[in-house]
Amino acid sequence: MHFTYKIYTVLVLLACKYTLLQAQKVVRYDLYVRDTLVQFTGKTRKAIAVNGQIPMPALHFTEGDTAEIYVHNERDEATSLHWHGIFLPNKEDGVPFLTQMPIPAQGTHLYRFPVIQNGTHWYHSHTGMQEQSGMYGMLVLHKRADDTTFRKGIDDLPELPLILSEWTDHRPDNVHRMLHNANDWFAIKKGSTQSYTEALKEGHLKTKLTNEWKRMSAMDVSDVYYDRFLINGRNESSYGPFRAGDRVRLRIANGGASSYFWLRYAGGKITVVASDGNDVEPVEVDRLLIGVSETYDIVVEIPADSTAFEFLATAEDRSGSASLYLGSGIKQLHTPLPRLRYFEGMQMMNDMTRMNGRLNDMGMQMALQRMDMNTVMYPEISGVKKKKERKKKSGTHVHETQAAKPADIVTLNYAMLRATQETSLPADAPVRELRFELTGNMNRYVWSMDNRVLEESDKIPVKKGEILRIILYNGSMMRHPMHLHGHDFRVLNGQGAHAPLKNVLDIMPMETDTIEFYANAEGDWFFHCHILYHMMSGMNRVFSYEGQAPNPLLPDRAAAYRELQAESNRLHFMAQNDFASNGNDGMFMLQSARWSIGTEWRLGYNNRHGYETETHIGRYFGRMQWLMPFVGFDWRYRSAAHAGNGKNLFGQTSSKDRRAMLSIGVAYTLPMLLVLQAEVYQNGNVRLQLRRDDIPISPRIRADLMINTDKEYMAGLRYIFTRNISARLHYDSDMGAGAGLFLNY
Amino acid sequence: MQFIHKIWIALPMLLSATACTAQIKNMKTETVKIQGNCEMCEHTIETAGNLKKTVRLDWNRDTKTAVLEYDSLKTTRDEILKRIALAGYDSDAYFAPDEVYAALPECCHYERSKKGGRTPAKPLRPAETAATPEKTAAAEAAPIQKVSEAYFTLKDALVSSDAVKAATAATRLSEALNSVKMEELQPQEHSAWMQVEKQLKTDAGDIAATSDISRQRASFASLSQNMYPLLKATDKAEPVYYQYCPMYNEGKGAVWLSREQTIKNPYYGSSMLNCGKTTETLR
């Protein structure tokens, strides 16, 4: 794989100074944040490099050190650095507008904290989308040699810090905007459109129809298409030499903004020895899925000389992978993971979704990743099935397949993690129970907790000295890696006093998990989904200790919190126009989590065809956001000689030639994703309209349909060339047939 | 944009269909070693390696070498050899994944030079290996133990969707059921046994008599229901988990017993292996 950094600014100024300070070692790093240009795909793109590199340099400390990290922001945008999984004073936590004000453009900031723990951690920017642009790096806290928990055969192995990540050639802000606009370009790139023709070919037409009947759009295990997947910034790399029988400890952090990775090794079993920086009893598995922002320490053995064994990190959606070869010599590859069987997944979602959009776990009490419903999509487990073999079965259960091979692949789950030490919390501390339901809506890309985004929530008060027991239920259709700042929590997984400590909990759809932590810190701590685009859509909360001392880095705490809230509920803009032979057909829209402001237009080229615009300002209600009441303004002009005044289906006269009308109405999404719009105009006229856009006919063909009680109708077909360009054919009752170039932003 | 690009490339090519020997630019030629046996191998290797206008590969069966011509600005030798390895063929840069090699047609199973590699995954059953001596002792002592052993073997066969093994295991189970002497049973075992004996024997016989796995599973659902009161009444060396899948039989659900807490559903193939939950732990 060709892989060159083109870096404008040549820089490597990593000063690592050791100073003895009253028998305590101060370890200093200087980090220079600069703009850079990269070519991960061959195309030149902007990125952010720290000390001239992506990922950011790996920082090493030993428990007992004092960390001094100087951040020199040499860019024209504010930044911040968050120390993921670290116990530290609140003002060092690095969340802009929550624990400090952002480090301004061209500013310098010192993070200084005592290192009071050990383990594999990482650090990243907590500002905007900077993490996706390259601001992630390893943070390794070593045990002291005299540590009583030092494990011979594990802690003395050669070790290699690995940070996983992904790269997109799109600007991350634009990725975020596209997600909010339900742009399915990523699905086209991934081959996961799940269109009607594909459904037909695979004998899943009924599945697709049921899916749309239940008002779901195509399902996927991830949201974004990435051009490259990376280990330590490279798609392929080698590390060695090793001799047969050598063991190596891989300290792995998932620094990806939104990708989970399957970790597999061509040289045999993987032994998991720590999770999120906390030791666990060694457990042997064939593979594990590392959630966004999780860390795992694993030990692998090099089984033969003069062979390099592939350590393969495959994105959960299997759209790509990154490889590290351990050892030297001929490279022993691992079997790539086969493509997901999306329609099997769709069928599973159909079975488990009620008509009201809520999930139904059929009483299976899922928890701790033990029952992975996605398994129905994994050909390596459920066996490769030929198209014709699939028989229609009656009843709801359709996952029955004759296995092609025994399912003896051992996959790690949270129930298998057992802490090496007792982790029980103080028995006399008061326990407070909190429940959160993770909620979301893929169609409008709104992610929330208890159907509230951060902007709709106050900080959650915490008393120092109490135990918070949090019960999380994931009622959304995506998995979420929930991360708590500044604390480790116990995952109640049946291991009793040895419940493992983590700071990220991956929770799959329909799972219920219980975590608990001892509130022994001070300040305001973020609790959020670590998928960057979910976090920036509002899936966050803040735990706030009562009676905390003022934070010197945050002069106006209330105003800062409002800024934090606003940051994850911005307005997203979209626009499209069909430059057709019979006129222009288009719209623009501004949307937030709840609000939508949009204008549609149909502009003919002459007075006979006429001109019309409709503007709606509406608010979405309900968890699924199927209901949107709105107020509207309608303006149209058409030369009277050609239009006349038509009667609508209710016998009311509707003026087509010249009108400017206010209206109120409501839009509601019906089964098959048909949008029913009922509108009353100021003159008492009523209009009902049914509309469906973007029916996925084939991977790149979309159909649109519209009909209303003013006896207007429209049908269109469009072929998608690129993210922004399509060709469109349509017929409109006012303007007739047209062909045109369809542009969208 | 890419699409338009492709049209521009495709058009002149269509017009000059005669000049179809595509020219490779910046051509580099190398000879590489690639393992293989037969004509089918040759086809697979060349299909995996060749790329229009970028790579031309000619593999020789006798010398096991390939002449590689490629555009050195667009690809590398390693990239080509990796594709070939992922199709199942070792070279001097890559060893094919074992699973891919194993899936090659019989005639293509060339001799491999590689050492080590990924040993086929074995199920992790520490509880079983650790407790073996104890268990055999217990089996002699308790007659029901033999029945439950046979039952668990049957269940495992159904988990791996192996109808033949299931039939064999069911035969064992029938034997074990027939060898139970009522006078050796504990009082509570005795009363449970009286209630389920007949149905257990019928179901075990039915499973043994067929190789149709869906019929075996239907009988197994009934068998498991009757095993539950029996095992509940028995003294056990280790816990037994009473598990439930709500989906089987069009949502009517079905139960089974297992020595592992991890769900391994015997009613479906491996695709729904993890479907179910533990409803009770029998100790």
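Computed quantities for the displayed model
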item	result
The lone exception for B:T63 - which of (1) surrounded by 17 or more Cβ atoms within 10 Å (Cβ to Cβ); (2) more than 14 Å from chain A (Cβ to nearest Cβ); (3) not in a helix (DSSP H, G or I) it fails	(1)
Residues satisfying the stated conditions in the stretch A:451-474, i.e. surrounded by 20 or more Cβ atoms within 10 Å (Cβ to Cβ) and not in a strand (DSSP E or B)	A:V453, A:L454
Selection count, the stretch B:83-99, where residues are more than 7 Å from every other protein chain (Cβ to nearest Cβ) and of a type in the set (D, E, K, R)	3
The one condition in (1) under 24 Å from A:Q332 (Cα atoms); (2) of a type outside the set (K, R); (3) out of contact with any Ser or Thr (no Cβ under 9 Å at 6 or more places or on another chain); (4) modelled with pLDDT under 90 that B:G36 fails to fulfil	(3)
Output for the stretch A:694-713, where each listed residue is charged (D, E, K, R), within 14 Å of A:D184 (Cα to Cα) and touching a Gly at 6+ places or on another chain (Cβ under 9 Å)	A:R702
Lone unmet requirement of (1) under 36 Å from the mean Cα position of the chain (by Cα); (2) more than 24 Å from A:G740 (Cβ to Cβ) for A:G651	(1)
Failed item in (1) of a type in the set (D, E); (2) farther than 25 Å from A:I381 by Cβ; (3) under 16 Å from the mean Cα position of the chain (by Cα), with B:D162 passing the rest	(2)
Residue within the stretch A:277-285 that is within 12 Å of another protein chain (Cβ to nearest Cβ) and under 21 Å from B:A96 (Cα atoms) present	no
Test set (1) within 22 Å of the chain's Cα centre (by Cα); (2) over 27 Å from B:Q261 (Cβ atoms) - B:S174 fails condition number	(1)
Enumeration of residues in the stretch A:315-325 that are away from chain B (no Cβ under 12 Å) and assigned to a strand (DSSP E or B)	A:A315, A:A322, A:L324
Selection within the stretch B:208-218 - more than 14 Å from chain A (Cβ to nearest Cβ) and either in contact with a Phe, Trp or Tyr (Cβ under 6 Å, 6 or more places away or on another chain) or surrounded by 20 or more Cβ atoms within 10 Å (Cβ to Cβ) (or both)	B:A208
Some residue of the stretch B:219-242 being facing another protein chain (nearest Cβ under 8 Å), farther than 21 Å from A:G494 by Cα and touching a residue at least 12 places away in the same chain (Cβ under 8 Å)	no
Hits in the stretch B:68-82 (condition: facing chain A (nearest Cβ under 10 Å) and of a type outside the set (K, R))	B:L73, B:T75, B:T76, B:D78, B:E79, B:L81
Members of the stretch A:573-603 found to be buried (at least 16 other Cβ atoms within 10 Å of the Cβ), out of contact with any Asp or Glu (no Cβ under 8 Å at 6 or more places or on another chain) and not in a strand (DSSP E or B), listed by number	A:S592, A:R594
Residue tally, condition assigned to a helix (DSSP H, G or I) and more than 11 Å from chain B (Cβ to nearest Cβ), over the stretch A:333-344	2
Residue among A:H530, A:H487 that alone is modelled with pLDDT of 95 or more, surrounded by fewer than 23 Cβ atoms within 10 Å (Cβ to Cβ) and closer than 28 Å to A:M129 by Cβ	A:H487
Residues within the stretch B:254-275 that are among the small types (G, A, S) and more than 7 Å from chain A (Cβ to nearest Cβ), tallied	2
Tally of residues being more than 19 Å from A:P338 (Cα to Cα) and either touching a Cys at 6+ places or on another chain (Cβ under 6 Å) or modelled with pLDDT under 70 (or both) across the stretch A:364-387	2
Matching residues, the stretch A:319-363, being basic (K, R) and at pLDDT 90 or above	A:K331
Hits in the stretch A:500-527 - residues which are in contact with a His (Cβ under 7 Å, 6 or more places away or on another chain), crowded, with 22+ Cβ neighbours inside 10 Å and in a loop (DSSP other than H, G, I, E, B)	A:N503
Test: residue in the stretch A:216-229 that is in contact with a Pro (Cβ under 7 Å, 6 or more places away or on another chain) and either of a type outside the set (A, V, I, L, M, F, W, C) or part of a helix (DSSP H, G or I) (or both)	no
Subset of the stretch B:244-272 (residues that are touching a residue at least 60 places away in the same chain (Cβ under 8 Å) and buried (at least 24 other Cβ atoms within 10 Å of the Cβ))	B:W256, B:N265, B:P266, B:Y267, B:S270
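The values are calculated or read from the model by the stated rules, or taken from the named source; none is laboratory data. In this text, all values refer to a predicted model and were calculated from it rather than measured experimentally. Glycine also receives a Cβ, built like all others from the backbone with ideal geometry; neighbour counts cover every protein chain displayed.
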